[in-house]
Amino acid sequence: MSGDFDRSQLRRIGSLRDPAQEEPTYEEYHPDGTHAWSDDAPIAPDWFPYNRCEVWECAGCGRPFLRYTEFGGYYTDERIRELRAERVARPPHAEPPSGTAAG
């Protein structure tokens, strides 16, 4: 998302976080070697970072977005990604992870 994106146009409409999961996994799903914020990365709701995302909608155009905030020791890094249906993946061959993973 570009730096000049007007975040004030977004309104929260939901969350992908499962309330039954106290600590969702940090494991990621990238069958094609992508990384979490690659344009062509799959959006796998049971996997990090999407399992910690909130769903927002643009008040102006109605497009949905995923919003995730990374809280580091000395920084806060907000990530916003357009939610595109063709990127949503529910891996049939992989069991959704549970708990946290090391590394």
Which pairs do you get when a residue that is closer than 17 Å to N51 by Cβ and at pLDDT below 85, found in segment 61-78, comes within reach of a residue that is part of a strand (DSSP E or B) and among the charged types (D, E, K, R), reach meaning Cβ atoms under 6 angstrom, with the pair 6+ apart or on two chains?
E70/D77
Among the residues of segment 24-53, how many are surrounded by 11 or more Cβ atoms within 10 Å (Cβ to Cβ) and either on the phi > 0 side of the Ramachandran plot or without any contact (Cβ under 8 Å) to a residue 12 or more places away in the chain (or both)?
2
Looking at (1) at pLDDT 90 or above; (2) part of a loop (DSSP other than H, G, I, E, B), which is the one condition that is false for P31?
(1)
Hits in segment 1-23 (condition: surrounded by 10 or more Cβ atoms within 10 Å (Cβ to Cβ), at pLDDT below 90 and assigned to a loop (DSSP other than H, G, I, E, B))
M1, F5, Q21
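Condition (residue is among the aromatic types (F, W, Y) and modelled with pLDDT of 90 or more) applied to segment 40-47: is it met by at least one residue?
Residues of segment 40-47 among the aromatic types (F, W, Y): 47.
Subsequent filtering for residues that are modelled with pLDDT of 90 or more retains 47.
Looking for residues that are among the aromatic types (F, W, Y) and modelled with pLDDT of 90 or more, one finds at least one in segment 40-47, hence yes.
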Restricting to segment 34-53, give me the number of residues that are of a type outside the set (A, V, I, L, M), assigned to a loop (DSSP other than H, G, I, E, B) and within 20 Å of E78 (Cβ to Cβ).
9
Do you know which residues across segment 54-85 are of a type in the set (A, V, I, L, M, F, W, C), surrounded by fewer than 16 Cβ atoms within 10 Å (Cβ to Cβ) and not in a strand (DSSP E or B)?
A59, C61, A85
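The values are calculated or read from the model by the stated rules, or taken from the named source; none is laboratory data. Just so we're clear, the structure is a prediction, and the values are computed from it rather than from any experiment. Don't worry about glycine lacking a Cβ; one is built from the backbone with ideal geometry, like all the others, and counts go over all protein chains shown.
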